[in-house]
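Here is the structure we will look at.
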Amino acid sequence: MEESVDRGEHHNLVIVSNRLPIVLSKSRKQKWTVNLGSGGLVTALAPVLRDRGGTWVGWPGTAEGDTQEVDTLLQKHNKSIGYKLKPVHLTNQEIENYYKGFSNETIWPLFHDLIDHCKFKPEYWEAYQEVNKKFAAAVKETINDDDFIWIHDYHLISLISYLRKMGVKNKIGFFLHIPFPPTDIYTRLPWREEVLDSLLEYDLIGFQTPRDRRNFIISVRTLVDDPAITGKGQVISIKRKSKVLRAGVFPISIDANEFANLAKTPEVRDKTWYLHEHFPDQKLLLGVDRLDYTKGIPERLRAYRHAMRTYPELHGKLTFVQVVVPSRRDIYKYDALKMEIERLVSEINGEFSAAGWVPIHYMYRSLSRSELSSYYSAAEIAIVTPLKDGMNLVAKEYCATNIEEQGVLILSEFAGTAAQMKTGAILVNPHDTVACAQAIFKAVHMSAEERKTRMRKLRRNIRRYDIFWWVESFLESAFSTHLGSFPVVADYNPLADSG
Ligand code: GDG
């Protein structure tokens, strides 16, 4: 069959995510300002939204009570950005039970295989349903018949069910940014059938890795029924009754050129130079993570301690810079995690500090983009060891920034990124303290030639499969008329390495 390549150029795009891609802040004088977010997702989607015309629907991140001011502010802002931002306001109770509750205390830990962190509260599930219904009403208000609706992430899985109940017939895609867990973990969810039923209603569902899609299919087979599956490769078709769902693997990425260009700016070069001056004769080992128990920060600190105990020749020669970006502090587990990290940092510094050398530089704050870029540039080694991660963009950003191709990436087997970067990086099991310490030692001593070969592979892969590729291949899959397997990028194999 002749395949028609169509990315739905003639359809307006409606993006729906829990948060709008903006940062709203209120000054001491109660004056609001709005800034567009700088993440990869908005960088990639904004031009598509502008070209086709479109709307982004989401919660502005503000508390109850600020509704009217925020609406007015966004109306003004919409005129300048070239597409529409449509806010969905949440009450404080909804923020508690839908956002902090079901999204971040049920789905988030469950989908990262951390069952002990899960709370299965009926009131959380009810709020999740109510808020998904609220989002559905907002989407319905904004769409035309022909628009393509692209829903993002675990906060909004049930949204499609309410849209369909409201009579919305548009084509709808969904992308899961976090992993999909193995069936024996997924089945602990009291609302497991309802969640799967919603996922099966989408026209296209995107996963980060083949592992996540495989887990999803096994859960469908175990809990719902045995669908007919056609094809293999990046996008497959799952036929149940008369409905066909496409399930694809779309590893999310970054604007690789932007990171490389940032590293070349005088500002970043100066800051990088300053860092080298500040840490003379030392190699830098860098960790950058949101404060989250999935990121494996205490495990990494224990591995560094083990390396310091096992290889005394590293003392004074290797400094660990760990940046932790504040996140979800008002959830108890996160506060406990922060205390654990800080206790470990101070224990390790207490054990090994010597005149002129502090083993760990710990920063608990968000860095500016140029500061982050200078740390990426200055670090000889990056250590990215989540216990489980949908993808992990820090790993990709480090490599994209590494224009001199001399950096080494130590990467967890359980980061989604590992599917693409397994031969260029040093892969580790983050639970294996001894192996992680050995990986640190190996990275410190790796020859310049091996570093170059590995980093080149990594960078080639990231440049080729960047965020723009990700958007295009998702849209192309949504609009292709071809059923069964088809390579969206002719030679793409998500299981293969950069080669
Ligand atoms: C979820 C999934 C998936 C970090 N520190 C600073 C800073 N960052 C930026 C990084 C990066 C982002 O935050 C973190 O992205 P990750 O992918 O590493 O992790 P999550 O936030 O957990 O994201 C994940 C992702 O969604 C996309 O699908 O990869 O698996 O969990 O972009 O640069 N940015 C600035 N200062 C910092 O200090 N400016």
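The values are calculated or read from the model by the stated rules, or taken from the named source; none is laboratory data. Quantities reported herein were computed from a predicted structural model and do not represent experimental measurements. So basically every Cβ, Gly included, is an ideal-geometry build from the backbone, and we count neighbours across all protein chains shown. All accessible areas refer to the heavy atoms of the entire protein, side chains included, with ligands and DNA or RNA removed. Shrake-Rupley method; radii C 1.70, N 1.55, O 1.52, S 1.80 Å.
Let me have the 222 nm mean residue ellipticity of the chain computed from DSSP H runs of 4+ only, each contributing -39500 (n - 2.57), with the sum over all residues rounded to the nearest 500. Please report the intermediate quantities before stating the final value.
On the way: 18 runs with 210 residues, N = 499.
-13000 deg cm²/dmol, from helical runs alone.
When ligands, DNA and RNA are left out and all protein chains stay put, how many square angstrom of accessible area per residue does the chain have with a 1.4 Å probe? Numbers along the way, then the final one.
Details: 20550 Å² over 499 residues.
Each residue of the chain exposes 41 Å² on average to a 1.4 Å probe.
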Sorted by chain and then number, the residues having a modelled amide H within less than 5 Å of the amide H of I22, at least 5 places away or on another chain, are G37
The helix 210-223 Cα axis meets the longest alpha-carbon principal axis of the chain at an angle in degrees, between 0 and 90 and rounded to 10, of 50
Descending packing, highest mean Cβ count within 10 Å first, for 91-97, 411-417 is 411-417, 91-97
Reduced to Cα centres, the span from segment 346-363 to segment 306-325 in Å works out to 9
Rounded to the nearest 10 degrees, the helix 369-378 long axis (Cα) sits at an angle to the longest Cα principal axis of the chain of 50
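Of K232/K422; K26/K388; K29/K134; K29/K76, which sit over 30 Å apart, Cα to Cα?
Values: K232/K422 22 Å; K26/K388 35 Å; K29/K134 32 Å; K29/K76 20 Å.
Violating the 30 Å limit, Cα to Cα: K26/K388; K29/K134.
Label segment 1-147 by shape, choosing from rounded, prolate and oblate, from the square roots a ≥ b ≥ c of the eigenvalues of the Cα gyration tensor; if a/c is under 1.5 it is rounded, and otherwise prolate applies when a/b is larger than b/c, oblate when it is not. Please report the intermediate quantities before stating the final value.
Working: a/c = 1.91, a/b = 1.17, b/c = 1.63.
Note, shape of segment 1-147 comes out oblate.
Taking square-rooted eigenvalues a ≥ b ≥ c of the alpha carbon gyration tensor, is segment 256-464 rounded, prolate or oblate, where a/c under 1.5 means rounded and, failing that, a/b exceeding b/c means prolate? Intermediate values should be presented prior to the final figure.
Working: a/c = 1.27, a/b = 1.18, b/c = 1.08.
Here segment 256-464 falls in the rounded category.
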Sorted on mean Cβ neighbours within 10 Å (highest first), peptides 373-379, 114-120 come out as 373-379, 114-120
In segment 256-464 the DSSP beta bridges are antiparallel at a rate, in percent to nearest 5, of 5
To the nearest 20 debye, the chain has a Cα-centred charge dipole, built from +1 on Lys and Arg Cβ and -1 on Asp and Glu Cβ, of 260
Gyration tensor on Cα atoms of segment 185-287, a ≥ b ≥ c root eigenvalues, a/c under 1.5 rounded, else prolate if a/b beats b/c, else oblate, says prolate
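Using a 1.4 Å probe on the protein chains only, how many percent of the accessible area of segment 256-464 belongs to carbon and sulfur?
Result for segment 256-464: 52 percent of the exposed heavy-atom area is carbon or sulfur.
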Taking only the alpha-carbon atoms of the chain, the convex hull volume per residue, in cubic angstrom, is 153
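If you count, for each residue, the other Cβ atoms within 10 Å and average over each peptide, how do 427-433, 101-107, 163-169 line up from highest to lowest? Don't jump to the answer; show the numbers that get you there.
Numbers: 427-433: 18.3, 101-107: 22.9, 163-169: 13.4.
In descending order of packing, they fall as 101-107, 427-433, 163-169.
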One would report the antiparallel percent of DSSP beta bridges in the chain, rounded to the nearest 5, as 25
Here, K26 and S327, labelled 7 Å along Cα→Cβ, have an inter-label distance in nm of 2.6
